[in-house]
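> Have a look at the structure that comes next, please.
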Amino acid sequence: MSMQGQVQGQGSASQWQSGSPRPMQLRVRHTTGFTYAEGAEASYNEARMTPLTTSDQVVLRSRVEVSPTAWSQEYRDYWGTVVTAFEVHEPHDALTVVATSTVESTPHAVDVAPVGWADLAAVSDEWCEFLVLDSWVRPHDDLGAQLDTLRASSDTPGEYAVGAFGLVHDHLRYLPGVTQVSTTAAEAWEAGAGVCQDVAHATLGALRRAGIPARYVSGYLHPSTEPVVGETVEGESHAWVEYWDGDWRGFDPTNAVVPGDRHVLVARGRGYGDCPPLRGIYSTPGASELFVSVEVTRLR
Amino acid sequence: MSDAHLFDGYGPVAGFDEMFDDSTLRSEYAQVHAAFTRMGNDEIRARAESLASAYLDQGVTFGVGGEERPFPLDIVPRIIEARDWTDVDTGVRQRVKALEAFLADVYGPGEVFTDGIVPRETVLTSPHYHRVVAGIEPPNGVRVHISGIDLIRDGQGDFRVLEDNCRVPSGVSYVMTNRPAMSAALPEVFADHRIRPVQQYSRNLLAALRAAAPSGVSDPNVVVLTPGVYNSAYFEHTLLARTMGVELVEGRDLVCQQGRVSMRTTRGLEPVHVIYRRIDDEFLDPMQFYPESVLGVPGLVNAARAGNVTIANAVGNGVADDKLIYTYVPDLIRYYLGEEPVLRNVDTWRLGDADQREEVLDRLDELVLKPVDGSGGKGIVIGPAASREELDELRVKIDADPRAWIAQPVISLSTVPTLVEQGIRPRHVDLRPFAVNDGDDVYVLPGGLTRVALPEGELIVNSSRGGGSKDTWVLADPSTPADPKDAVDEEADGPEKAKSMRAAAPSVLTEDGGDL
Amino acid sequence: MLSRIAESLFWIGRYLERADDTARILDVQLQVLVEDPAIDEAASCQQLLSVMGVEGHTGAVNRWTILDLLAHNVDSPGSIASAITAAREGARGARETLSTDIWASINTMWRGLPSARTKRPPDMFAWVRNRTAMVNGIADGTMPRDEGWNFFVLGRSIERVDMTARLLSTAALASDTQVAWPTTLRACGAYEAFIRAYRGLEGDRQAAEFLLLDRWFPRSVVSALMEAERALSRLEARGQRSGFGDEAQRLLGRARTELEYRPLAEIVEAMPIEMERLQRTCAAASEAVGARYFSHSDTHAWTGGVSL
């Protein structure tokens, strides 16, 4: 994910609002799966690759195709994510899942007033799951110390959030390959680099540490700031956060922007573990390799 | 040895003794006491011995660390009067209904949270709250098909609830094997009492499991799913399968295809509709939980979601067993049923609460500390019996994760006379009644498992801590008609076996039956 | 019936028969070792090990090694102790389908193993024969004649063919067949029946004929093959107008007719080779039964995978 822009000083998060006036339509084609060196006998999986219709986006079309042909069922999980569960019972050398969706973005600004520190207590039970500081998100001690200073100087949760975004964004360089799926926020902090998942986890930890409910969002992002209509470009799965400040507000800490019409939301949860695009088990005597590719096309 | 030795030196007892009220014999034990006195020491010991060897030959065992050990059955029965049992019966039913409502709520609308009865955090941070089953509606609304509610009798002899077991409660097999063993060992004593039977348990269980079948299945295939021969309760799994007349399967016998579950038979795949599983949630479906689990069946949870199979007990029930939730159960009974609890809890401190924690930490050496997700005495620290080091260690653990602990006062469990080396002596007991929910009603097996702590003064009654069991005699109330669910023989819902597995043979048997 | 249970019953049948027959074979061999002063103990013990399929043993072999490897040692796969343990393990896993009587008889036998091992060898062998006879008797008297029974009988019969073949090999290989054949007949409990059938001790050829081909004597190879075929056809449970659809039945039927229709001299002359062939047939039939009824496609080892 390329980075653009710098986080600037203080202020409300909404100043990064980058919405464009006319609705953009994006087509995302997400291909992923496994190849098996010695073939697989059977496989049971769940794909979380279908975008959600929210107040900020409308899903016009979506389909998930699996090869070899599999029996599948669709359901909504605890977090509201659309899940495609499927199983393959015949021997196969590769498992491929292709999720294609067309999404129209209808971003809108949050028009609820930000809250004060004292107001957070009223929602701490309702959003208790998004306040848990587990090992995935717990801030590194260095970050923790900086956050304590920030907390002392922030008059409102909103002010603290902006400061926290800056701390995380400035420290964590976007650099693929340094971290893995299982890397924790503190480990990424130690490395000083990571991918969007690590940046999101670190940001969640920073927010939750101050008692601000914060949740993980997975989805896609069109990589170009000015997407060209009709041009298909290589994209990636992306992750950002939502935090509660009177209402849920989004922020993409990797790119230091408020998610806009180039962001496509697929799943929300406490962390990456609640929204993996493809998760499952397979039976193979040999090694397996994962492949992923995302193509994004602006249609309108 | 003379006969006088049997009850000599019995008591005095600190807590509530179920046979003697001080030195007065309680009426329900009059006949047992008289019969034992009449038979005398030598006769009783001889009968106890034959009881023990009968158990060994039949292989009535439980497993400890992969080894099969006999589960000793004491020769002195425990007797519960009809009116005392009424409290247990109504109290357990009430509790199971409330826990059912609670589970349906926390995996559904969550009204208990919005109404402020239980903090969301208490439920959502429980390691046994499995979000994967949120939204799965069991076919007849039942999640707690089988439960075991652990009770004790306090100093006044009142039954109190110690813990709820809504996951895979075990022990009912001993209730079923203890009865015939005792009637063989003490036929004359047995004949003197009107004891409510227990053998009908399997039939009621099978009926409840069949009632839980997916909708549209008129003749469901029920199986018992075991982790295998090395499981500590394997004996029970075989007994339940055998007495219900259903297949005992292992995970490898089952396969999920297209959201349906089948078992591998010599005639190919046969559909399975209801799985009475004796495997913990986390091992049940490697797709959803531990991928490396070889005990489970991949795809099972999604087959249940598709409505093609019923898993009994439901996945995720562990949240109701959580000892922190336990502290809210009286509130849950009031909230869901609008009733006052019949059975009281034992007073309990929640260590997640800072004030309560402080009080407990001050008095650590006088309280009993229990991990919230342990069962069967696992991880329990008894303050007065613990060393300095153990208490310090405990303090560190509590500080690290206060949510994981509760504290209770040391309760002197009731005692029942028990045959030990010195003669018949008071020993501590608890009681696990078993309840079966068929969706229309909750049936409580009259009896339940009485576990007895054989070492003197031992307060944890558990088979892995040198415990034994007692046959629990619930006396019938002569003034009321027999409970229809007590009926031992009933034609409806006969064993399934005749139908499914064994049908193929007879037609060919006659051909060369003579050679066999 | 569950494939796993069917497989257990098949193997309970096989292991019990193996324990029984191994006891019989050892009884003969140890007696021959004692009675034949001219015998080369090491060579004949080595030969026995190889006939019994014990591989990888290095070092000197004498009657004590034989006793250890084929009778006492639970860790030696060819031993009586390991066969009894395996039968009991199988019964434990199939316990809910067995009658209490059968389970108890197998369990009691297993529990008696430690004390049986301290007996004099002939006494131990007699104990094994008695115990297996008891289990078979209880099975015969209490098991319903359903699929489970057929798998149990099938396993027992296939094992009996296999073991009688081994017994015949050891007799044929013995240096002094004058001693070997009568003892072999005794081991099978066939001595009296043989004497009556042939009106006096006729010789090696007749003894071999009796143990191979006699249709009335239940431990003969042909009898056991017929028994196995009958069990298979009962399992098949649907008549076929011609031929045999079942691979195991085809294999066993062909082996039996070959024995019955070939000139006896041909077989006797090449006894060890013929018997080895028979053993291979048993193995192939066992595999065919497994492939058809026990569906080994299970036991997947699962690996978890997540994608970003």
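All of the numbers you see were taken from the coordinates with simple rules; none came from a lab. Small disclaimer: the values here were computed from a predicted structure and weren't measured. As a convention, Cβ positions derive from the backbone with ideal geometry for all residues, glycine included, and neighbour counts pool all protein chains shown.
> Out of A:Val181, A:Val137, A:Val59, any idea which swings most in a Gaussian network model of chain A, alpha carbons joined below 10 Å?
A:Val181
> I'd like the Karplus ³J(HN,Hα) series for the range B:254-260: coefficients 6.51, -1.76, 1.60, θ = phi - 60°, whole numbers in Hz, and an x wherever there's a Gly or Pro.
Rounded to whole hertz, the list is 10, 9, 9, 9, 6, x, 10.
> Given Cβ point charges of +1 (Lys, Arg) and -1 (Asp, Glu) and nothing else, what value in debye, to the nearest 20, does the dipole of the range B:265-397 about its Cα centre take?
Result for the range B:265-397 is approximately 620 debye, rounded to the nearest 20.
> Inside 10 Å of the C-beta atoms of A:70-83, what's the mean count of C-beta atoms belonging to other chains?
3
> Would you be so kind as to identify which of B:Ile311, B:Gly352, B:Pro271 lies farthest towards the positive end of the dipole of the range B:248-373, taking Lys and Arg as +1 and Asp and Glu as -1 on Cβ and the Cα centre as origin?
B:Pro271
> Would you mind checking which residues have amide H under 5 Å from B:Val474's amide H? H placed 1.01 Å from N; only 5 or more apart, or other chain.
Residues meeting the criterion, in which the H sits 1.01 Å from N, are B:Ile80, B:Arg196.
> Given springs between every Cα pair under 10 Å in a Gaussian network model of chain C, which of C:Asp75, C:Asp21, C:Asp204 has the largest fluctuation?
Comparing C:Asp75, C:Asp21, C:Asp204 in the GNM, the peak value goes to C:Asp75.
> Would you please name the trypsin sites (Lys or Arg not before Pro) within the range B:173-257 that are DSSP coil residues with at most 15 other C-beta atoms within 10 Å of their C-beta?
Loop-located and lightly packed - B:Arg194.
> State the answer as a single residue: which of C:Ala139, C:Leu70, C:Ala231 lies farthest towards the positive end of the charge dipole of the range C:3-293, with beta carbon charges of +1 for Lys and Arg and -1 for Asp and Glu, about the Cα centre.
Among C:Ala139, C:Leu70, C:Ala231, the one farthest towards the positive end of the dipole of the range C:3-293 is C:Ala139.
> Name the long-range amide H neighbours of B:Arg69: under 5 Å, sequence gap of 5 or more, or other chain; modelled H, no Pro or chain starts.
B:Phe62, B:Gly63, B:Val64
> Sticking with this structure for a sec: Compute the long axis of helix C:271-289 from its Cα atoms, compare it with the longest principal axis of the Cα atoms of chain C, and write down the angle in degrees, 0 to 90, nearest 10.
So the helix axis and the longest Cα principal axis differ by about 10 degrees.
> Hey, another quick one. Ranked highest first by average number of other Cβ atoms within 10 Å, how do A:28-34, B:122-128 line up?
A:28-34, B:122-128
> By counting other Cβ atoms within 10 Å of each Cβ, how are C:Met271, C:Met1 ranked from fewest to most?
Least to most surrounded, the residues fall as C:Met271, C:Met1.
> A further question follows. Once you average over the residues of A:271-278, how many Cβ atoms of partner chains fall within 10 Å of each Cβ?
Neighbouring Cβ atoms belonging to other protein chains average 2 per residue here.
> Sticking with this structure for a sec: Cut-off under 14 Å on the C-alpha distance; same-chain residues fewer than 8 positions from B:Lys485 excluded. Which aspartates and glutamates are left, in chain and number order?
Correct list for B:Lys485: B:Asp89, B:Asp438, B:Asp440, B:Asp441, B:Asp493.
> While we're looking at this one, here's another question. Label A:Ala113 and B:Thr480 with points 7 Å out from Cα along Cα→Cβ: what is the distance between them in nm?
6.2 nm
> Compute the FRET efficiency between B:Ile380 and C:Ser115 as 1/(1 + (r/R0)^6), taking r as their Cβ-Cβ distance and R0 = 45 Å, and round to the nearest 0.05.
FRET efficiency, B:Ile380 to C:Ser115: 0.65.
> The protein assembly as shown: Rg/Rh from Cα coordinates, Kirkwood Rh?
1.04
> If you take every DSSP beta bridge whose two residues both sit in chain A, what share of them, in percent to the nearest 5, is antiparallel?
95 percent
> Can you show me the helix-derived [θ] at 222 nm for chain A, built from DSSP H runs with n ≥ 4 at -39,500 (n - 2.57) apiece and divided by the number of residues, rounded to the nearest 500.
-5000 deg cm²/dmol
> For the ranges B:111-119, C:122-130, what's the packing order if you count other beta-carbon atoms within 10 Å of each residue, average per peptide, and put the highest first?
C:122-130, B:111-119
> Using only helices, what value at 222 nm comes out for chain B when you add -39,500 (n - 2.57) per DSSP H run of length 4 or more and divide by the total residues, to the nearest 500 deg cm²/dmol?
Per the formula, -9000 deg cm²/dmol.
> Now for a different question. Can you give the local net charge around C:Gly304? Use residues other than it whose beta-carbon is closer than 10 angstrom to its beta-carbon, Lys and Arg +1, Asp and Glu -1.
Neighbour charge sum, excluding C:Gly304 itself: 0.
> Using θ = phi - 60° and the Karplus curve 6.51 cos²θ - 1.76 cosθ + 1.60, what whole-Hz ³J(HN,Hα) does each residue of the range C:251-263 get, with Gly and Pro shown as x?
Karplus-based 3J(HN,Hα) across the range C:251-263 equals 4, 6, x, 5, 4, 5, 5, 4, 4, 6, 9, 7, x Hz.
> Please report, in debye to the nearest 20, how large the charge dipole of the range A:109-274 is about its Cα centre when each Lys and Arg carries +1 at its beta carbon and each Asp and Glu carries -1 there.
Magnitude of the dipole: close to 180 debye.
> Further, regarding this structure: Determine the sum of side-chain charges near A:Arg279: Lys and Arg each +1, Asp and Glu each -1, restricted to other residues whose C-beta is under 12 angstrom from that of A:Arg279.
So the surrounding residues net to -2.
> Also: Among the listed pairs B:Lys97/B:Lys470; B:Lys370/B:Lys397; B:Lys323/B:Lys470, which are separated by more than 22 Å between their Cα atoms?
B:Lys97/B:Lys470; B:Lys323/B:Lys470
> Of the candidates A:Val168, A:Val112, A:Val103, which one comes out as most mobile in a Gaussian network treatment of chain A with C-alpha springs shorter than 10 Å?
Maximum among the listed residues: A:Val112.
> Sticking with this structure for a sec: Give me the inter-chain shielding for C:145-152: mean count of other chain Cβ atoms within 10 Å, whole number please.
5
> If packing is taken as the average count of other Cβ atoms within 10 Å, what order do A:73-82, C:37-46, C:91-100 fall into, highest mean first?
Output ranking for A:73-82, C:37-46, C:91-100: C:91-100, A:73-82, C:37-46.
> Starting from the amide H of B:Leu225, placed 1.01 Å from N in the peptide plane, find each other amide H under 5 Å away whose residue is 5 or more places distant or on another chain.
Correct list: B:Val249, B:Tyr276, B:Arg277, B:Arg278.
> How big is the dipole moment of chain C about its Cα centre under a simple scheme where the beta carbon of each Lys and Arg is +1, that of each Asp and Glu is -1, and everything else is neutral? Debye, nearest 20, please.
It works out to roughly 800 debye.
> Go through the range A:260-272 residue by residue and turn each phi into a ³J(HN,Hα) via Karplus (6.51, -1.76, 1.60, θ = phi - 60°); whole Hz please, and just put x for glycine and proline.
Residue by residue, the range A:260-272 yields x, 6, 8, 9, 10, 8, 10, 8, 10, x, 6, x, 3 Hz.
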